[in-house]
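What follows is one structure encoded as structure tokens, with my remarks underneath.
Computed from the coordinates by the stated procedures, all read-outs in this text should not be read as laboratory data. All of these numbers come straight from a predicted model, not from anything done at the bench. So basically every Cβ, Gly included, is an ideal-geometry build from the backbone, and we count neighbours across all protein chains shown.
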Amino acid sequence: MNQSVQQTETSCDDTARPAPLLEVRGLGKAFGGVHAVDDLSFRILPGEVYAVIGPNGAGKTTLFNLITGLYQPDQGDIALKGEAVQGLPPERLARLGMSRTFQNLQICMNMTALENVMLGRHLHLKRNFLAALLRWPSLRASERTCRAQAEELIRFVGCGDYVDADAAAMPYGALKRLEIARALATQPAILLLDEPAAGLNSTETAALEQLIRKVAAGGITVVLVEHDMKLVMSISDRVLVLDYGRKLAEGTPREIRDNPDVIAAYLGG
Amino acid sequence: MALRLPERVPGLPVLALVLLLLPLFLGNEFHLDIATQIALIAATVVGLNLLVGYGGQVSLGHAAFFGMGAYASAILTGTYGWTSIPALVCGALLVALLAWTLGRPILRLKGHYLSMATLGMGIIIAIVINNEGWLTGGPDGLAVEPLTVMGAELSIFDHYSLLGLEVSGALLWYGLAALLLLLAVWIAQNLVDSPIGRALRAVHGSEVAARVVGVDTSHYKLLIFVISAVYASVMGSFYAHYTGFITPQVASFEHSIELITMVVLGGMASTYGVILGAVLLMLLPQLLTDFQDYEMMMFGLILMLTMIFMPKGLLPTLSEAVRRLRPRPASAPASGQE
């Protein structure tokens, strides 16, 4: 198992020995002396549901922002499918199959729900400039397909009632799902969800859990930052616990629940 | 009931109809002249709106692009004897190159740096046009040859026979300007409805969201900046041929502010709104000729009042008000029953 990334890459389709989809090594980021993420290493396997938990200020969102290219790491490496990606901007990472949602929604409020999801298809569309200016038939056809795919995704996440609604007129819970639909529209290999259940009631959280299961069943690796322990413990294959930017524990939900360090960190013991 | 009202009024045919019928209501050649100028400026503003309304970037130097197109056409046809279309294309290419060179480093930065850069550029170009009298005629202005396409000259002072009818050159020019406006609107709408337009609106809506789905935001901002500059340049070229005489005023900072005011007043990101803005602000000086000295003050006041009382602009605010007034029996149950 301890072969280097390069060697395992050649046997990528060998499912018996999965190479990590995402590997983080010695990652660090400080904001003016505060180490938000400090010498952090972990690997995420393809198809996993991997949760990152920790007390407020533990560095979870910073970690997401580092992985998705919104922040530049001070030190350390990030590899996606064996390829070094630290420091790449988000638009490049999207091409490599990474997509995410945000804790504080990032929805284009000047667009409809459908257009937001169609935006997610951006990289898969022909973006010929002349075709766009003159509205060639090929462009119209590809827009029709894109629209149909986006509609299907909106139904998939359970927002079927809002297809043509203005995003600005949609309720919070629906917007959270819409953001997932947009991320899925990019056809990601890995999907990072930043507190998907925050602000949702228990019914909505249950529906979200079903949705995440469906996404994972579709072969997409899911990484989530979440405070809802019930949700985390029920859907995660493995859990990473952060405290002051460092790895406190990593393991299956059962292992994490019984870990004395974790209990101490959470209960302030 | 599967009946669905179209999301948008088919604006282009309506605009075409209005432009077609307008000459019947225009009393004289003077009115026709104003209408022609308005159409050319409105087409410029439609292009500027792509940048400001959809791309969320402000250019305070668009008149400089307009002026460069105008002067390129005037100089190349007048001094160097080119025909109109190659001169126009050459001007547009020069402007595209300038916009690209200026925009490329600046549009990588977040914030309002483009406004600063275009403000400076506009002032520099206005100064150059004013000072390089040997080329541009300086503050005295420059006479421009009539528009010549494939050997045929289109002058407002001549009369032409078209399909057996005798038509004045002024009316033909109006028709050309109207066609250009329709073309400008058609292209702008195509662009807005394409993946490129969606990416642009997303840059305005949430730049982070656009980036994480793979939109290279600085690329699209640059693209739309260049396109809107080319719009201005092309319309500047036609404007020069139409008026037959241009002064540095076409490239001035004041003219840039007028163009921006039209966008803001009419309604950012509303193609027909900004046309309305152009119409109103072009008519205003005609109606208030006594207040000519206060024209800039009026523009400033209009800009301020619009931002305070209807930040979305005239047409979007009006259409929202109409929508609110009208009861909506059709739409509510229809969406529920699907």
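Put in order of Cβ neighbour count within 10 Å, fewest first, the listed residues B:PHE25, B:PHE30 become B:PHE25, B:PHE30.
Counting neighbouring Cβ atoms within 10 Å and putting the fewest first, the residues B:LEU288, A:LEU208, B:LEU51, A:LEU88 line up as B:LEU288, A:LEU88, A:LEU208, B:LEU51.
Look at the stretch A:157-164: the mean tally of other chain Cβ atoms within 10 Å of its residues' Cβ atoms is 1.
From its DSSP helices (H runs of at least four residues, each -39,500 (n - 2.57)), chain A gives a residue-normalised ellipticity at 222 nm of -11000 deg cm²/dmol.
Per-peptide packing, taken as the mean over residues of other Cβ atoms within 10 Å, places A:46-55, B:104-113, B:268-277 in the sequence B:268-277, A:46-55, B:104-113 from highest down. Taking the charge dipole of the range B:169-328 about its Cα centre, with +1 at Lys and Arg Cβ atoms and -1 at Asp and Glu Cβ atoms, the residue from B:GLY197, B:GLY300, B:MET282 reaching farthest to the positive side is B:GLY197.
GNM on chain B, alpha-carbon springs under 10 angstrom: the most fluctuating residue among B:SER256, B:SER161, B:SER218 is B:SER161. Too long at a 19 Å Cα-Cα cut-off: which of A:LYS214/A:LYS247; A:LYS81/A:LYS176; A:LYS126/A:LYS176; A:LYS176/A:LYS214? Exceeds cut-off: A:LYS214/A:LYS247; A:LYS81/A:LYS176; A:LYS126/A:LYS176.
Normalised by 2.2 N^0.38 Å, where N counts its residues, the alpha-carbon radius of gyration of the protein assembly as shown equals 1.15. Considering the zone a paramagnetic label at B:HIS112 would reach in this model (a point 7 Å from Cα along the Cα-to-Cβ line), which residues of the range B:277-310 have amide N under 16 Å from it? Residues B:300-301, B:303-308 qualify, since their backbone N sits under 16 Å from the label point.
Rounded to the nearest 20, the size of the Cβ-charge dipole of the protein assembly as shown about its Cα centre is 1340 debye, with Lys and Arg at +1 and Asp and Glu at -1. Radius of gyration (Cα atoms) of the range B:116-165, expressed as a multiple of 2.2 N^0.38 Å: 1.84.
Does anything in the range B:261-284 have its amide N under 16 Å from the 7 Å Cα→Cβ label point of B:LEU318, and if so which residues? It comes to B:262-284, nothing else. Extending 7 Å from Cα along the Cβ direction at B:HIS31 and again at A:ARG155 yields two label points whose distance is 5.5 nm. Charges were assigned to the Cβ only: +1 to each Lys and Arg, -1 to each Asp and Glu. The resulting dipole of chain A about its Cα centre is roughly 760 debye. For the residues of B:196-202, the average number of beta carbons from a partner chain within 10 Å of their own beta carbon is 6. Once a ≥ b ≥ c are taken as the square roots of the eigenvalues of the Cα gyration tensor of the range B:45-85, is the result rounded (a/c under 1.5), prolate (a/b larger than b/c) or oblate (a/b not larger than b/c)? Taking the square roots of the gyration eigenvalues as a ≥ b ≥ c, the range B:45-85 is prolate.
Using only side-chain charges placed at the Cβ, +1 for Lys and Arg and -1 for Asp and Glu, the dipole size of the range B:1-134 relative to its Cα centre rounds to 600 debye. Taking each residue as 0.36 nm, the span from A:ARG147 to A:TYR244 lengthens on full extension beyond its C-alpha to C-alpha distance by 30.5 nm. Comparing B:SER59, B:PHE238, B:ALA43 along the charge dipole axis of chain B, the residue lying farthest to the positive side is B:SER59, per the Cβ-charge model.
When you count the other C-beta atoms within 10 angstrom of each residue and take the mean per peptide, B:137-146, B:40-49 line up highest first as B:40-49, B:137-146. Per residue, the convex hull spanned by the alpha carbons of chain B comes to 173 Å³. Reported to the nearest whole Å, the Cα centre-to-centre distance from the range B:12-88 to the range A:51-117 is 44. Here the extension length gained between A:ASN104 and A:ARG92 equals 2.1 nm, from 0.36 nm per residue of separation less the Cα-Cα distance. Peptide A:138-144 has a mean of 2 when you count, residue by residue, the C-beta atoms of other protein chains within 10 Å of its C-beta. Between B:VAL14 and A:ARG213, the FRET efficiency estimated from the beta carbon spacing at R0 = 51 angstrom works out to 0.55.
Using a 10 Å cut-off around each Cβ, can you sort A:ILE212, B:ILE75 from fewest to most neighbouring Cβ atoms? Taking fewest neighbouring Cβ atoms as first place, the list is B:ILE75, A:ILE212.
Computed packing ranks the peptides A:257-263, B:63-69, B:118-124 as B:63-69, B:118-124, A:257-263, most packed first, by mean other Cβ atoms within 10 Å.
Taking 0.36 nm per residue of separation and subtracting the current Cα-Cα distance, fully stretching the chain between B:LEU135 and B:GLU254 would add 40.6 nm. Note on the range A:5-149: dipole from Cβ charges, positive end direction compared against A:TYR71, A:GLY54, A:THR145; the farthest Cα belongs to A:THR145.
For chain B, adding -39500 (n - 2.57) for each run of n ≥ 4 DSSP H residues and dividing by the number of residues yields -22500 deg cm²/dmol at 222 nm.
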